[in-house]
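Engineer: Take a look at this one; I'll ask things after.
The values are calculated or read from the model by the stated rules, or taken from the named source; none is laboratory data. As the structure is a prediction and not an experimental result, all values here were calculated from the model. FYI the Cβ positions are ideal-geometry reconstructions off the backbone, even for glycines, and counts take in every protein chain you see.
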Amino acid sequence: MHRSITALILIALMLGWAVPSARSYTLQFTDASSSVHIRWPTNSVTIALSSSLASPSANIKPGSDVMGAARRALRQWAAASNIRFVEVSSNAQSISPSAGGDGISLITVANTPENVALFTSSDRPGRTRVYFDPVTGVISEADIALNPSSQFSTDGTFGTYDLESVLTHEIGHLLGLEHSGMVGATMQPRLALNGLYTLPAFSPRTLSEDDRAGVRALYGPRTGLGAIGGTVSYAGGAPVYGAHVWAADTLTGRSIAGSISSQNGAYRIEDLPPGQYRLIVEYLNGNVLASEIASSGGAYAGLVNPQAAFRATEAAAQVNVAAAATASLNISLSDAQPFLNPRLLGINGQLSTIAVPLEPGRTYKVYVGGDGLDQVNGTGISITSPYMSVDSSSMVLQQLGTPYPIISFNIRVAEDVPAGDYDLRFQSNNGEVSYIAGGLSVDEVGSALLMWLPASDSDEAAEADVNQSTIGFNGTGEDAGATIIDPYLSGESFALGSHYAARRIALPGSARAGAFTLIPPTAEERLKALVEPLVNAPDYLIRIGPS
């Protein structure tokens, strides 16, 4: 059926905004005015599950619960909001062409020429195509396709994408959400392969508070909730476009929701439970890049061009949020130049841009890499939560031959820690502050990840096992090497232990498909799992060879 489509958004998941204000988490808007956001006309959305889910192609591990994964992903978003999905079956295999939709909102895993054409390489596991009216923002159709060239599973098989996590992320796009600046959010623009941190990549199956706030802002419920709004400006008064502003609960320390400021500097964080909050503002050049928030059109398209950098800023005043009310707070940034930029973190000797999943009652050695970290001592590392503590005496500046400093330190997680995402805070010797927003993620009790994790009071035994098999450890000591794939290096090479050197070279997107062809087969799954930039990230080729 032909229908007039005057606007189209293509959103790819890869491993691949009165004065209009930006909403949190982040919502899609029709244009730069940020006045009309994209959403379905009603809270009832009909989703057609393709027959391909019942008979998937060979790229999906045999025995995987494909249909169950799709239904569980839909239930995550329905449980967090007033959205209602009506499931129907369809024999359709391919998503609609960009020229116009067929009125069927399809989820498909079929290996068809039309679906294959959406992807340039296997490191883009999913895409969502959304059809909407540019005047009203009303969605008429949204289709999701998984990449026939990517490997998927539902049981955590290392070297595969977790099918349920990919679908949960893509359904967020289907509902009208952009990528989030919160590292621990399902809607953050990066997804790991199973095997990152020697764990299954199950955390994105469960929505973060930021994800829940986003879908509630579009579809409710909003009763009993409040908001924070205001502007972000440079020291000279100019508005800041693309600043990441987020609210952390002062009682628990959990990061609740974030917002990306619009072109006029306005931000608005909605659907916050009543309480007291701390607000932090950061420049998006760390674990999440501003260009990864941008889409092909709408309010954030301009973020493909870098904005003037600024130091992370902690709002001086705490904000009290009341139900059905908006608290106002304008934030002015310092004019000091930023030097501190923690941009990679990890455990088990691995670094990435993915949140670290934590289990209650355990102690972890956490690794963080980035500019300026050699100017941070143990007392300058903290987690603003009573449920987590940093052992300042355990901080070590690693000697790994990387072009930026890497530090490690131990953190202890309390047995009664609430599920959610927590920030890592760093303060340099000269007083500059920087964060990894939502970089520590505690999953809900009963989650697939916590049931998978080994029962242990510490990571020492786990690290000992990892040292025997993970590329980067050479057996001469647990800090002798670390496996690091850095998405921001270009044309730089560095040695890791006595095993491998990593090099990233900027190349056209067509070269991505062969990115891992030079990696020994036994190492490929581990290395490919480390860092997989998503949509709008720079194109790189990773070469691994003897150091």
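Engineer: Taking ASP102 as meeting all but one of (1) among the charged types (D, E, K, R); (2) surrounded by 23 or more Cβ atoms within 10 Å (Cβ to Cβ); (3) assigned to a loop (DSSP other than H, G, I, E, B), write down the number of the exception.
Structural biologist: Answer for ASP102: the failing condition is (2).
Engineer: Against the condition in the same structural domain as SER57 (by TED's automatic domain parsing), modelled with pLDDT of 95 or more and surrounded by 23 or more Cβ atoms within 10 Å (Cβ to Cβ), how does SER140 come out, does it pass? Outline the logic, then answer.
Structural biologist: Working: in the same structural domain as SER57 (by TED's automatic domain parsing): yes; modelled with pLDDT of 95 or more: yes; surrounded by 23 or more Cβ atoms within 10 Å (Cβ to Cβ): no.
No.
Engineer: If you don't mind, there's one more thing I want to ask. Here are some residues: PHE119, PHE152. Which one is in contact with an Asp or Glu (Cβ under 9 Å, 6 or more places away or on another chain) and not small (Gly, Ala, Ser)? Can you show your working first?
Structural biologist: Values: PHE119 fails: in contact with an Asp or Glu (Cβ under 9 Å, 6 or more places away or on another chain).
Unique residue meeting the criteria: PHE152.
Engineer: Name the residues in region 58-85 that are within 11 Å of LEU167 (Cβ to Cβ) and of a type in the set (Phe, Trp, Tyr), would you?
Structural biologist: Hit for region 58-85 is TRP77, nothing else.
Engineer: For region 194-216, what are the residues that are buried (at least 24 other Cβ atoms within 10 Å of the Cβ), closer than 28 Å to ALA301 by Cα and not hydroxyl-bearing (Ser, Thr, Tyr)?
Structural biologist: Listed by number, the residues that qualify are PRO204, ARG205, GLU209, ASP210, ASP211, ALA213, GLY214, VAL215.
Engineer: Scan region 400-415 for residues that are closer than 25 Å to PRO360 by Cα, part of a strand (DSSP E or B) and not polar (S, T, N, Q) and jot them down.
Structural biologist: Looking only at region 400-415, we keep the residues that are closer than 25 Å to PRO360 by Cα, and these are 407-415.
Applying the additional criterion that residues be part of a strand (DSSP E or B) yields 407-413.
Scanning region 400-415 gives ILE407, PHE409, ILE411, ARG412, VAL413.
Engineer: Of the residues that sit in region 366-403 and are hydroxyl-bearing (Ser, Thr, Tyr) and surrounded by fewer than 20 Cβ atoms within 10 Å (Cβ to Cβ), which one is farthest from MET182 (Cα to Cα)?
Structural biologist: Step by step, filter region 366-403, then rank; the result is SER393.
Engineer: State which residue is surrounded by the most Cβ atoms within 10 Å (Cβ to Cβ) when the search covers only region 404-422 and only residues that are among the hydroxyl-bearing types (Ser, Thr, Tyr) and closer than 19 Å to GLY438 by Cα. Before the answer, list the steps.
Structural biologist: As a first pass, look at region 404-422 and keep what is among the hydroxyl-bearing types (Ser, Thr, Tyr): 404, 408, 422.
Narrowing further to those that are closer than 19 Å to GLY438 by Cα: 408, 422.
Working: SER408: 20, TYR422: 30.
That would be TYR422.
Engineer: Scan region 174-184 and give yes if some residue there is crowded, with 24+ Cβ neighbours inside 10 Å, outside the structural domain of ILE256 (by TED's automatic domain parsing), farther than 25 Å from TYR283 by Cβ and in contact with a strand residue (DSSP E or B) (Cβ under 7 Å, 6 or more places away or on another chain), otherwise no.
Structural biologist: Checked region 174-184: at least one residue is crowded, with 24+ Cβ neighbours inside 10 Å, outside the structural domain of ILE256 (by TED's automatic domain parsing), farther than 25 Å from TYR283 by Cβ and in contact with a strand residue (DSSP E or B) (Cβ under 7 Å, 6 or more places away or on another chain).
Engineer: Looking at (1) in contact with a Leu (Cβ under 7 Å, 6 or more places away or on another chain); (2) more than 21 Å from TYR131 (Cα to Cα), which is the one condition that is false for ASN111?
Structural biologist: (1)
Engineer: Also, quick follow-up: Within region 426-445, which residues are in a strand (DSSP E or B) and crowded, with 20+ Cβ neighbours inside 10 Å? Don't jump to the end; show me each part of the working.
Structural biologist: Just the residues of region 426-445 that are in a strand (DSSP E or B), to begin with: 426-427, 433-442.
Matches in region 426-445: PHE426, SER434, TYR435, ILE436, ALA437, GLY438, GLY439, LEU440, SER441, VAL442.
Engineer: Which residue is surrounded by the most Cβ atoms within 10 Å (Cβ to Cβ), if the candidates are limited to region 241-286 and must be under 17 Å from the mean Cα position of the chain (by Cα), among the hydroxyl-bearing types (Ser, Thr, Tyr) and in a strand (DSSP E or B)?
Structural biologist: Residue satisfying both the conditions and the ranking: SER259.
Engineer: Taking region 50-77 as the region of interest, how many residues are of a type outside the set (Ser, Thr, Tyr), closer than 21 Å to ASP155 by Cα and not in a loop (DSSP other than H, G, I, E, B)? Steps first, answer last, please.
Structural biologist: Taking region 50-77 and keeping what is of a type outside the set (Ser, Thr, Tyr), we get 53-54, 56, 58-63, 65-77.
Within this subset, residues satisfying the condition of being closer than 21 Å to ASP155 by Cα are 53-54, 56, 58-63, 65-76.
Keeping just the survivors that are not in a loop (DSSP other than H, G, I, E, B) gives 53, 60, 66-76.
Of the residues in region 50-77, 13 are of a type outside the set (Ser, Thr, Tyr), closer than 21 Å to ASP155 by Cα and not in a loop (DSSP other than H, G, I, E, B).
Engineer: Go through region 308-333 and give me each residue that's in a loop (DSSP other than H, G, I, E, B) and under 27 Å from the mean Cα position of the chain (by Cα).
Structural biologist: Those that are in a loop (DSSP other than H, G, I, E, B) and under 27 Å from the mean Cα position of the chain (by Cα): ALA308, ALA309, PHE310, ARG311, ALA312, ALA315, GLN318, LEU329, ASN330, LEU333.
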